[in-house]
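*Asks:* One structure, as structure tokens, below. Some questions next.
The values are calculated or read from the model by the stated rules, or taken from the named source; none is laboratory data. Fair warning: this is a prediction, and the values are worked out from it, not measured in the lab. Quick reminder, even Gly has a Cβ in these numbers, built from the backbone with ideal geometry, and neighbours come from all protein chains shown.
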Amino acid sequence: MTQQTVSLPPAALPGADAHFDGLLVTLLLSGDRRAGSRLYARWHPRLLRTARRHTGSSELAASAVQDCWLAIWRGLPGLRDPGHFAPWAFGILRRRCADQVTALARERSRCSETGGQSAEAAPDDRIAIIQAFATLSPVHRLAAHLFFVEGLSLAEIALVQEVPEGTVKSRLFHARRQLKAALSGDNQ
């Protein structure tokens, strides 16, 4: 009987992404600017996608991600474990998105008090999955996005949302149930 070995691509190895990010952070902190560019190239699209899902607005998302990167660059020397870059960065993004949404709510409140109108209108032609995600509460939407789209583990999501893993499991359970109902047309 011959033994076959299966070779997995580096990205398929558990923890490989975290180790690579840790390496990039370490290199960046030691002065390697290319590592910073690579880290940005790897994470900017994911942060932007998450911010869009969290805020519901491309404009707010772009602003939140820009603020997030400024905080990342400033705070990187204080990151205790470079291998935990992803949950750390998503945690910063979560706070920046919340700031953007709060600022928009204040602005809309001021506009409604003065009779002004909001500059942003929701597009009519949203696809079903975006509509389904929009029905979720912000904490459920963020947990579902980080799990289903970004592929973060329960432990990493718990770090991002600053809650116990059990709470993340509960949020994902409810989000999955709501998404299923919204996509199938059921009303529970």
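*Asks:* Report, by residue number, each residue of the range 138-170 that is within 19 Å of A18 (Cα to Cα) and of a type in the set (S, T, N, Q).
*Replies:* Hits for the range 138-170 are S153, Q161.
*Asks:* For the subset of the range 161-186 comprising residues that are small (G, A, S) and in contact (Cβ under 8 Å) with a residue 24 or more places away in the chain, which member is nearest to L142 (Cα to Cα)?
*Replies:* That would be A175.
*Asks:* Do you know which residues across the range 72-84 are without any contact (Cβ under 8 Å) to a residue 40 or more places away in the chain, in a helix (DSSP H, G or I) and more than 15 Å from the chain's Cα centre (by Cα)?
*Replies:* Correct list: W73, R74, G75, G78.
*Asks:* Considering the range 133-154 alone, what residues qualify as being in contact (Cβ under 8 Å) with a residue 12 or more places away in the chain and of a type in the set (G, A, S)?
*Replies:* If the condition is that a residue be in contact (Cβ under 8 Å) with a residue 12 or more places away in the chain and of a type in the set (G, A, S), then A134, A143, A144 are the ones that fit.
*Asks:* Then there's this: For the subset of the range 117-135 comprising residues that are among the aliphatic types (A, V, I, L, M) and modelled with pLDDT of 80 or more, which member is farthest from H84 (Cα to Cα)?
*Replies:* Among those residues, the one meeting the criterion is A132.
*Asks:* Within the range 65-89, take every residue that is more than 18 Å from A143 (Cα to Cα) and among the small types (G, A, S) and give me the one that is surrounded by the most Cβ atoms within 10 Å (Cβ to Cβ).
*Replies:* Out of the qualifying residues, it is G83.
*Asks:* Still on this structure, I have one more. Any residue at all in the range 145-159 that's part of a helix (DSSP H, G or I) and over 27 Å from L48 (Cβ atoms)?
*Replies:* The answer is no, given that none of the residues of the range 145-159 is part of a helix (DSSP H, G or I) and over 27 Å from L48 (Cβ atoms).
*Asks:* I'd like the residue in the range 13-64 that is of a type in the set (K, R) and either in contact (Cβ under 8 Å) with a residue 40 or more places away in the chain or not in a helix (DSSP H, G or I) (or both) and, out of all such residues, is surrounded by the fewest Cβ atoms within 10 Å (Cβ to Cβ).
*Replies:* Filtering the range 13-64 for residues that are of a type in the set (K, R) and either in contact (Cβ under 8 Å) with a residue 40 or more places away in the chain or not in a helix (DSSP H, G or I) (or both), the one surrounded by the fewest Cβ atoms within 10 Å (Cβ to Cβ) comes out as R49.
*Asks:* When you scan the range 169-183, do you find a residue that is modelled with pLDDT of 90 or more, aromatic (F, W, Y) and assigned to a helix (DSSP H, G or I), even just one?
*Replies:* Scanning the range 169-183 turns up at least one residue that is modelled with pLDDT of 90 or more, aromatic (F, W, Y) and assigned to a helix (DSSP H, G or I).
*Asks:* Can you tell me which residue in the range 136-168 is modelled with the highest pLDDT, limited to those that are surrounded by fewer than 14 Cβ atoms within 10 Å (Cβ to Cβ) and over 18 Å from A86 (Cα atoms)?
*Replies:* Here the residue is G166.
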